[in-house]
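Here is the structure we will look at, set down as structure tokens.
The values are calculated or read from the model by the stated rules, or taken from the named source; none is laboratory data. Note that the structure is a prediction, hence the values are computed from the model and not measured. Cβ coordinates were reconstructed from backbone atoms using ideal geometry, including for glycine residues, and neighbour counts include every protein chain displayed. Only protein heavy atoms, including side chains, enter the accessible area calculation; ligands, DNA and RNA are left aside. Shrake-Rupley method; radii C 1.70, N 1.55, O 1.52, S 1.80 Å.
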Amino acid sequence: MDKAAESAALNAEIVEMLYANNRRSLMAAIVVMAALLLTQLHLINSSILIIWSVIFLSAYGSRGYLTFKYYKDQRRTLHSMHWLQWFRFNTGFCGLAWGLAGILLFPEAAPANQAFLIFALVGVSGAGIIIYSVDSFTSNLFTGGIVVFMIPRFLTHGTSVSIALAVLFIVYVIYVSVAGNALAKSLRENISLRIASNLDNKKVHQLAYYDFLTELPNRRLLSDRLQQAFVRCARGQCHGAVLSLDLNNFKGLNDSMGHQAGDELLQQVAARLQQCLRKKDTIARMGGDEFIAVLDELGCDKAEAIRAAQVTAEKMMAVFSQPFQLQQSKYRTTPSIGICLFHSDDYSEEEVLRRADIAMYQAKKSDNLNSIQMYDELLHPAIEMRATLENDLAFALQGNQLLLYFQVQVDETHRPIGAEVLLRWQHPTLGMIPPDQFIPIAEETGEIVPIGHWVLQQACRQLKQWAEAPLTRTLTLSVNVSAVQFNQPDFVEIVSDTVLGSGCDPRLLKLELTESLMVRNVEEIIIKIQALKALGMTFSLDDFGTGQSSLSVLKRLPLDELKIDKSFIKDIQHNAYDSFIVETIINMAKNLGQTVIAEGVEIQQQQALLQTMGCRLFQGYLYSRPLPLGEFESSLHTGLVHSRSQQSRVAPEDKAKTKKRQKASPTAEF
Ligand code: C2E
Ligand code: CA
Ligand code: CA
């Protein structure tokens, strides 16, 4: 593409040089023509003189007209080949007119005038060769026209003078052509070099200020444009707006159809968005699926500016009504748009962008998929909270702010068989943050990948330590793996390196996957699971029953365990429908040769019911809440789990009572 651009620029410049000489060469040609006519006037028949003059004036008249049309064409650099063809055609005609002079104006009986004629034509040819040398085709056409008519005439005249003049003419033309060619070559090289360096500069500029994928301005250029918009709005006392646009469920597309499809979508979205804006507005890609538009000078009246910003946002929304044609299939998506108005320089650049983002998050949270939201001071503080969490999460891992809690899993005799590892974030100012609040953010930002790796490392280290003590030697550890993490191309490699590197027994490590994973290519999932199972690890399907995985897909997955979601257990003792579903799941798992574990067991009655249905493994507040490592280990030592459940067994209690007791428990903060 760069080569093509270079060659187009070179052609345009050459054509420009050819036309640039036209005025001077036109004047010179007319002077020479007049001199020729004057000197040959009394020697040549006047009708012949008139015929030649007409031919000559048509050739140079059309040249004048061509030059006029060329300079009138505003887009001539784009049509340089067209103008070059016309120039060559016209130059051939001019060459022909001069050549005809060699025949028609040849004075048979006047050697001195013959010499003058040849002198004039030598001058014209030499000048033509030099002037047209940048395009050798043009210069050959011009000289060719002269030589072809004139040389035969001089040779056939047969006098020693005319033959000598013809030979001298040929020698001269060859000499000047060679010199002209050398000159033209170095000229073209110089032009090429200059063009290439201009293009390089442009490329550097492009890389620094434009997004590589969509060719939209990037964050740096946006910042510049935003500053300019601030200045203009302050000067004109008018309002401008920043629109933050984010695609809904873009991560889902990336996960299910791959990054290439994601890239294609972003490029098409960028192209459509650009069409919604005025020339003076800017739309930039900030990274990922996030776009920012800066709308300049929307009006002095606030209400008018709000309306104008909303109209643009609606236009942007409308471009999503048509599906996008990705390589694999058609794809529909919707955006969420947040708007923040600015006036003079009330706020900093960061503040305006942050407010537009907050409004966008608010739009995303609304039930309406196509949602536009204006920033409002009174917007729910939760959105500000989300922005804070997103920001701070990037430092949580390095800052040692992440902790692991362990929640025991027991068998029907209430003997601990293992634990689930659950993440907690000890935020420096906000206190302990539960995973439901930060894991979805970590998944969106991709931070879950390093975090998930860290969890796995800690779990493996724990298993290795537990292998030393008889009480903990056989305990399994279940680690939650999010779909984003599992879909990393190097997931298998990273997990096996971590597990093998830790020296723990892989058979004690269980990875919990969720059904959301199953939207992706099932073959790929099976290969990954099998590769890790070959090392001894086991797999559990978490939150089972809440997703929409088809039975046929589930049957093909080499899972070891189904984990019934806590939402089914919650009311199992009262809700016949829930208990029917749970029983069906348990039977299905049995048929597939998988074990079943019920999570969220809070009261003894639930365990008893599950047991009658054939469930043998349990996890829930009834046995223990998730605990920090130290407390978890001491609960094993003191037999807390066992005694608690014994206690529950002796006196089955209802849910309300359980909750009361949990509140009283000193370890029940999370
Ligand atoms: P999950 O995998 O379904 O984890 C079980 C959740 O149920 C835990 O919530 C646990 O504290 C809670 N729970 C346990 N027993 C009971 C009970 O008897 N009643 C009720 N109402 N809840 C109970 P937690 O710790 O807040 O974790 C929430 C979710 O965060 C987890 O759901 C899991 O999806 C995610 N998560 C936690 N740690 C990690 C992690 O290391 N990686 C990933 N990717 N996700 C994690
Ligand atoms: Ca889990
Ligand atoms: Ca679960």
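Taking each residue of the range 566-585 that is under 16 Å from GLY620 (Cβ atoms) and of a type outside the set (Lys, Arg) and looking for partners that are open to solvent by 40 Å² or more (accessible area, probe 1.4 Å) and within 16 Å of ligand 2 (Cβ to nearest atom) with beta-carbon atoms closer than 7 Å, six or more apart or interchain, yields SER567/THR546.
Filtering the range 521-570 to residues that are assigned to a loop (DSSP other than H, G, I, E, B), within 13 Å of ligand 2 (Cβ to nearest atom) and either modelled with pLDDT of 85 or more or small (Gly, Ala, Ser) (or both) leaves only ASP565. Which is within 16 Å of ligand 2 (Cβ to nearest atom) and in a strand (DSSP E or B), of LEU511, LEU456? Within the list LEU511, LEU456, the selection yields LEU511.
Within the range 102-129, being closer than 14 Å to ALA29 by Cβ and either of a type in the set (Phe, Trp, Tyr) or in contact with a Leu (Cβ under 8 Å, 6 or more places away or on another chain) (or both) holds for one residue alone: ALA120.
Pick out the one residue from THR445, THR498 that is among the hydroxyl-bearing types (Ser, Thr, Tyr), more than 15 Å from ligand 2 (Cβ to nearest atom) and within 16 Å of THR538 (Cα to Cα). Going through THR445, THR498 in turn, just one is among the hydroxyl-bearing types (Ser, Thr, Tyr), more than 15 Å from ligand 2 (Cβ to nearest atom) and within 16 Å of THR538 (Cα to Cα): THR498. Being at pLDDT 80 or above, under 30 Å from GLU264 (Cβ atoms) and part of a helix (DSSP H, G or I) holds for only one residue in ARG194, ARG188, ARG220, and it is ARG220. Considering (1) farther than 26 Å from LEU38 by Cα; (2) surrounded by fewer than 17 Cβ atoms within 10 Å (Cβ to Cβ), the lone condition that HIS157 does not fulfil carries the number (1). Per the conditions (1) out of contact with any Gly (no Cβ under 8 Å at 6 or more places or on another chain); (2) within 16 Å of ligand 2 (Cβ to nearest atom), the sole criterion not satisfied by PHE580 is (2).
Go through the residues of the range 240-255 one by one and say whether even a single one is open to solvent by 80 Å² or more (accessible area, probe 1.4 Å), without any contact (Cβ under 8 Å) to a residue 60 or more places away in the chain and not in a loop (DSSP other than H, G, I, E, B). The answer is no, given that none of the residues of the range 240-255 is open to solvent by 80 Å² or more (accessible area, probe 1.4 Å), without any contact (Cβ under 8 Å) to a residue 60 or more places away in the chain and not in a loop (DSSP other than H, G, I, E, B). Kindly provide the set of residues from the range 461-476 that are within 16 Å of ligand 1 (Cβ to nearest atom) and either open to solvent by less than 60 Å² (accessible area, probe 1.4 Å) or in contact with a Gly (Cβ under 6 Å, 6 or more places away or on another chain) (or both), ordered by number. Hits for the range 461-476 are GLN462, LEU463, THR476.
Scanning the range 477-500 for residues that are more than 13 Å from ligand 1 (Cβ to nearest atom) and over 15 Å from LEU535 (Cβ atoms) yields PRO489, ASP490. Taking LEU610 as the residue in question, decide whether it is in the same structural domain as VAL410 (by TED's automatic domain parsing), within 16 Å of ligand 3 (Cβ to nearest atom), crowded, with 19+ Cβ neighbours inside 10 Å and in a helix (DSSP H, G or I). Yes; evaluated as a whole, the condition is true for this residue. Listed by first and then second residue, the pairs with beta-carbon distance under 8 Å, at least 6 apart or on different chains, first residue in the range 488-506 and in a loop (DSSP other than H, G, I, E, B), second of a type in the set (A, V, I, L, M), are GLN488/VAL449; GLN488/ILE494; CYS504/LEU463; CYS504/ALA467; ASP505/LEU463; ASP505/ALA467. Going through (1) within 29 Å of LEU117 (Cβ to Cβ); (2) crowded, with 19+ Cβ neighbours inside 10 Å one by one, VAL178 falls short only on (2). How many residues does the range 601-617 contain that are within 16 Å of ligand 2 (Cβ to nearest atom) and over 25 Å from PRO558 (Cα atoms)? So the count comes out to 1.
The single condition among (1) over 55 Å from the mean Cα position of the chain (by Cα); (2) polar (S, T, N, Q); (3) under 30 Å from ILE163 (Cα atoms) that THR91 does not meet is (1). Here PHE56 meets each of (1) in a loop (DSSP other than H, G, I, E, B); (2) at pLDDT 90 or above with one exception, condition (1). For the range 299-320, the condition of being in the same structural domain as ASP255 (by TED's automatic domain parsing) and within 19 Å of GLU349 (Cβ to Cβ) holds for at least one residue. Restricting attention to the range 587-607, the residues that are at pLDDT below 95, open to solvent by 50 Å² or more (accessible area, probe 1.4 Å) and part of a helix (DSSP H, G or I) total 4. What tally of residues in the range 563-594 results from selecting those that are within 16 Å of ligand 1 (Cβ to nearest atom), under 23 Å from SER478 (Cα atoms) and among the hydrophobic types (A, V, I, L, M, F, W, C)? Within the range 563-594, residues that are within 16 Å of ligand 1 (Cβ to nearest atom), under 23 Å from SER478 (Cα atoms) and among the hydrophobic types (A, V, I, L, M, F, W, C) number 5.
Considering GLU512, GLU493, the condition of being more than 16 Å from ligand 3 (Cβ to nearest atom), at pLDDT 95 or above and within 18 Å of GLY452 (Cα to Cα) is satisfied by GLU493 alone. Could you tell me which residue of the range 105-130 is modelled with the lowest pLDDT, considering only residues that are open to solvent by 50 Å² or more (accessible area, probe 1.4 Å) and part of a helix (DSSP H, G or I)? Of everything passing the filter in the range 105-130, PRO111 is modelled with the lowest pLDDT. Among the residues of the range 440-448, are any assigned by TED's automatic domain parsing to the domain that holds GLN606 and polar (S, T, N, Q)? Yes - at least one qualifying residue is present in the range 440-448.
Among the residues of the range 506-545, those that are open to solvent by 50 Å² or more (accessible area, probe 1.4 Å) and either within 16 Å of ligand 1 (Cβ to nearest atom) or not basic (Lys, Arg) (or both) comprise SER516, VAL519, ASN521, GLU523, GLU524, ILE527, GLN530, ALA534, LEU535.
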